[in-house]
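The values are calculated or read from the model by the stated rules, or taken from the named source; none is laboratory data. Just so it is clear, the model here is predicted, and its values are computed rather than measured. Glycine also receives a Cβ, built like all others from the backbone with ideal geometry; neighbour counts cover every protein chain displayed. Heads up: the accessible areas ignore ligands, DNA and RNA and are worked out on the full protein's heavy atoms, side chains in. Shrake-Rupley method; radii C 1.70, N 1.55, O 1.52, S 1.80 Å.
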Amino acid sequence: MSDERFEFSRRLGQAMSAAGYEPRPAVLFRLFNARYTGRSVSFQSASRWLSGRSIPEQDKLQVLAELFGVAPQTLRFGEPARVAEARGEWNAVGARERAVIDTFLALPPRQRELVGELVKALAQNGKRPAR
């Protein structure tokens, strides 16, 4: 087993766990095929992904990333090395806002989705003209 495949399988298992799913082939097989619009994958494929014997093709990797709320490149290659912030807009964000964003990013995907819907609803209410 190559280190690359092993590391991918480790990240996939961690992503599943972080999203509240048990990292087992049967679970992955069921979740993936319920979301994927292409030809269904076999139980053996899901097993190979989790055991580090293979890495899925890009279209399947995209679906896995969406399922478990991680960036496809992070799932495939891992976290990039931290680089100093280059964007000035981020530097304008205060410590309190950064703490809120960090807390949001630590939430499981389902809760992040709910928070996103709440923020969207609040933003839409803020755009309505005063009566």
Quiz prompt | Selection within region 51-68 - open to solvent by 30 Å² or more (accessible area, probe 1.4 Å), in contact (Cβ under 8 Å) with a residue 24 or more places away in the chain and in a helix (DSSP H, G or I) | solution = SER51, LYS60, GLU66
Practice problem: Go through (1) at pLDDT 75 or above; (2) part of a loop (DSSP other than H, G, I, E, B) one by one and return the number of the condition LYS120 breaks. | Solution: (2)
Self-check item: Checklist (1) at pLDDT below 95; (2) open to solvent by less than 40 Å² (accessible area, probe 1.4 Å) applied to THR37, failing item
Solution: (2)
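Yes or no, residue by residue, for (1) surrounded by fewer than 16 Cβ atoms within 10 Å (Cβ to Cβ); (2) over 21 Å from PRO109 (Cα atoms); (3) not polar (S, T, N, Q):
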position: MET16; (1), (2), (3): no, no, yes
position: ARG24; (1), (2), (3): yes, no, yes
position: SER47; (1), (2), (3): no, yes, no
position: VAL70; (1), (2), (3): no, no, yes
Exercise. Could you run through region 100-113 and say how many residues are surrounded by 11 or more Cβ atoms within 10 Å (Cβ to Cβ) and free of Cβ contacts under 8 Å to residues at least 60 places away in the same chain?
Key: 7
